[in-house]
Every structure is written in C-alpha cells, then in structure tokens.
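A.B. asks: My questions will all concern the structure given below.
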Amino acid sequence: MELLKRKIQEEGKIISEGILKVDSFLNHQIDPLLMQAMGQEFARRFHGDKITKVLTLEASGIAIAIMTALSLQVPLIFAKKRRPSTMNDEAFLGHVHSFTKDEDIDIMVSANFLSPEDRVLIIDDFLATGEAARGMIEIVRQSGASIIGVGIVIEKAFQEGGKSLREEDIRVESLARIAKLEQGRVFFL
Ligand code: 5GP
C-alpha cells in the first residue's frame, strides 16, 4: 500500500538491528486517516470471505483492527494479556514469546466471544517471528472457529513468521513488506 510505504520511509526509524519504530503514526501517536484507509484496504482484500469477527492482540493492534472491523461491519475482539479480575468466564488461551521484550505471556479471549460458526480475520501491526499471530491462531483453533486469514500492517519479510504461516496455507495479507533494514534505510520487497 503506497500511502503506508511513504509514511514508513518518511517517519520510520530503525532503532536497533531489525527493529523499526513507527511511533509517530502507528504505535504511540496514531494517524486516524491512515488507520481508516488501511482498515478499508483489509476489508477490500477480505471482501466476500464472510468474516464474522476480527481478532487482535492488545494494545497496539487495536487501532488498525477496529477500523478493519468497522469497514467489515463485524465485532472486534482483542486478546488480553492478563486476566482481569472481572473475568471469571471460561477462556481460550494462547502462548506468545515476545522477542522484542524477551518475555513469555499467556493471552486470552473469553469463550463467550468465539464459537465454531465464526470466521475470523486476525489483524496485527507487525509480523516478525509470527509468535503473536500463532498465539491468536491457537485461540481461534480452541474455539473451533475458522481462521480465514491474517492481516498485517508491516511484515518484516526477513524474519520467518510470514513464510512459516504461508507454508501452513494460512492466508497472510500484509500492507507493507520489508525486505531489509540496513544502514538506516528501509528496503521494501
Ligand atoms: P512476532 O510475534 O511476529 O515476532 O512479532 C509481532 C509483535 O512484536 C508485534 O505485535 C509488535 O508489537 C512487535 N514487533 C515485532 N517487530 C517489531 C518492530 O520492528 N517494531 C515494532 N514497533 N514492533 C515490533
């Protein structure tokens, strides 16, 4: 998506080996018009796939996922990173290892919000090793719902996540695919 690629070129910062910071429009300050355009683009790509729910992981996936859910006119569920005291329901659990934070977390979705009839689109801001996406896939599989695809804003194609998901025949749609981050510059595929 050209608008997104231009934004990454103009505002993205490479902060350490393999890590791109996009705090000015995606991960801290949020550009609502860009989010709206990206949500519409995911909705266009998955138009006709009869999506019934969008699923993301708190917190940074929520902005893009809500715009996608709005465009598709379906509910958004965000997986929680810790069980709130108000949540006594049965829950589906996924396990995620974060390489950026070097920590293991359990993510959860209440069993009230996913059922075997659901057709789920998973949305996230970045795809790197695929751990976050896999945690959400684990949750959808436990619920018996169908995984229709994974929509990603920025795929770091030099890491293995996208390749390994596609090898398992999971449809991955990324709005920008980065081939490499080198000498302070972003190279797209
Ligand atoms: P994965 O689980 O695929 O390794 O990484 C995906 C998650 O890690 C994303 O949800 C995102 O929060 C974070 N992440 C991975 N790589 C980057 C990066 O280069 N920049 C930023 N800002 N977040 C990243």
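The values are calculated or read from the model by the stated rules, or taken from the named source; none is laboratory data. Computed from a predicted structure; not experimentally measured. For neighbour counting, all protein chains shown are included, and Cβ atoms are generated from backbone atoms with ideal geometry for every residue, glycine included.
A.B. asks: For the structure I just gave you, tell me whether LYS101 is under 16 Å from GLU131 (Cα atoms), of a type in the set (Lys, Arg) and at pLDDT 95 or above. Please lay out each step first, then the result.
C.D. replies: On the way: under 16 Å from GLU131 (Cα atoms): yes; of a type in the set (Lys, Arg): yes; at pLDDT 95 or above: no.
Answer is no for this residue.
A.B. asks: Which one is farthest from the ligand (Cβ to nearest atom) among residues in region 23-38 that are crowded, with 19+ Cβ neighbours inside 10 Å and more than 14 Å from ASP124 (Cα to Cα)? I'd like the intermediate steps shown before the answer.
C.D. replies: Step one: list which residues in region 23-38 are crowded, with 19+ Cβ neighbours inside 10 Å, which gives 25-26, 34-35, 38.
From what's left, more than 14 Å from ASP124 (Cα to Cα): 25, 34.
Numbers: PHE25: 11, LEU34: 15 Å.
Within region 23-38, the match that is farthest from the ligand (Cβ to nearest atom) is LEU34.
A.B. asks: Could you please give the count of residues in region 3-31 that are touching a residue at least 24 places away in the same chain (Cβ under 8 Å) and part of a helix (DSSP H, G or I)?
C.D. replies: 6
A.B. asks: Still on this structure, I have one more. Can you tell me which residues in region 38-62 are more than 15 Å from ALA79 (Cβ to Cβ), among the small types (Gly, Ala, Ser) and within 16 Å of the chain's Cα centre (by Cα)? First the steps, then the outcome.
C.D. replies: Start the filter on region 38-62 by keeping residues that are more than 15 Å from ALA79 (Cβ to Cβ), which leaves 38-52.
Those still in the list that are among the small types (Gly, Ala, Ser) too: 39, 43, 48.
If the condition is that a residue be more than 15 Å from ALA79 (Cβ to Cβ), among the small types (Gly, Ala, Ser) and within 16 Å of the chain's Cα centre (by Cα), then GLY39, ALA43 are the ones that fit.
A.B. asks: One residue is enough: does region 107-116 have a residue meeting the conditions touching a residue at least 40 places away in the same chain (Cβ under 8 Å), surrounded by 23 or more Cβ atoms within 10 Å (Cβ to Cβ), closer than 22 Å to ARG44 by Cα and under 16 Å from the mean Cα position of the chain (by Cα)?
C.D. replies: No: zero hits.
A.B. asks: Has region 39-48 got at least one residue that is part of a helix (DSSP H, G or I), surrounded by fewer than 17 Cβ atoms within 10 Å (Cβ to Cβ) and in contact with a strand residue (DSSP E or B) (Cβ under 6 Å, 6 or more places away or on another chain)?
C.D. replies: Within region 39-48, the subset part of a helix (DSSP H, G or I) is 39-45.
When the remaining residues are screened for being surrounded by fewer than 17 Cβ atoms within 10 Å (Cβ to Cβ), the result is 40, 44-45.
Filter once more, so that each one left must be in contact with a strand residue (DSSP E or B) (Cβ under 6 Å, 6 or more places away or on another chain): 45.
Among the residues of region 39-48, at least one is part of a helix (DSSP H, G or I), surrounded by fewer than 17 Cβ atoms within 10 Å (Cβ to Cβ) and in contact with a strand residue (DSSP E or B) (Cβ under 6 Å, 6 or more places away or on another chain), which makes the answer yes.
A.B. asks: Okay, moving on. Taking the options THR56, THR52, name whichever one is surrounded by 14 or more Cβ atoms within 10 Å (Cβ to Cβ) and within 16 Å of the ligand (Cβ to nearest atom).
C.D. replies: Working: THR52 fails: within 16 Å of the ligand (Cβ to nearest atom).
Only one candidate passes the filter, namely THR56.
A.B. asks: Just name the residue that is nearest to GLY12 (Cα to Cα) out of those in region 143-164 that are touching a residue at least 40 places away in the same chain (Cβ under 8 Å) and within 12 Å of the ligand (Cβ to nearest atom).
C.D. replies: Narrowing region 143-164 to residues touching a residue at least 40 places away in the same chain (Cβ under 8 Å): 143, 145, 148-149, 151, 153-154, 156, 158-159.
Checking the rest, the ones that are also within 12 Å of the ligand (Cβ to nearest atom) come to 153-154, 156, 158-159.
Numbers: VAL153: 13, ILE154: 11, LYS156: 13, PHE158: 17, GLN159: 18 Å.
That would be ILE154.
A.B. asks: Same structure again: The conditions are (1) within 11 Å of the ligand (Cβ to nearest atom); (2) without any contact (Cβ under 8 Å) to a residue 12 or more places away in the chain, and ASP102 fails exactly one of them. Which is it?
C.D. replies: (1)
A.B. asks: Next question. So which residues in region 128-187 are surrounded by fewer than 16 Cβ atoms within 10 Å (Cβ to Cβ) and within 15 Å of LEU20 (Cα to Cα), if there are any at all?
C.D. replies: ALA179, LYS180, GLU182, GLN183, GLY184, ARG185, PHE187
A.B. asks: Conditions first: (1) surrounded by 15 or more Cβ atoms within 10 Å (Cβ to Cβ); (2) closer than 27 Å to SER71 by Cβ; (3) more than 8 Å from the ligand (Cβ to nearest atom). ASP124 passes all but one, so which condition is the exception?
C.D. replies: (3)
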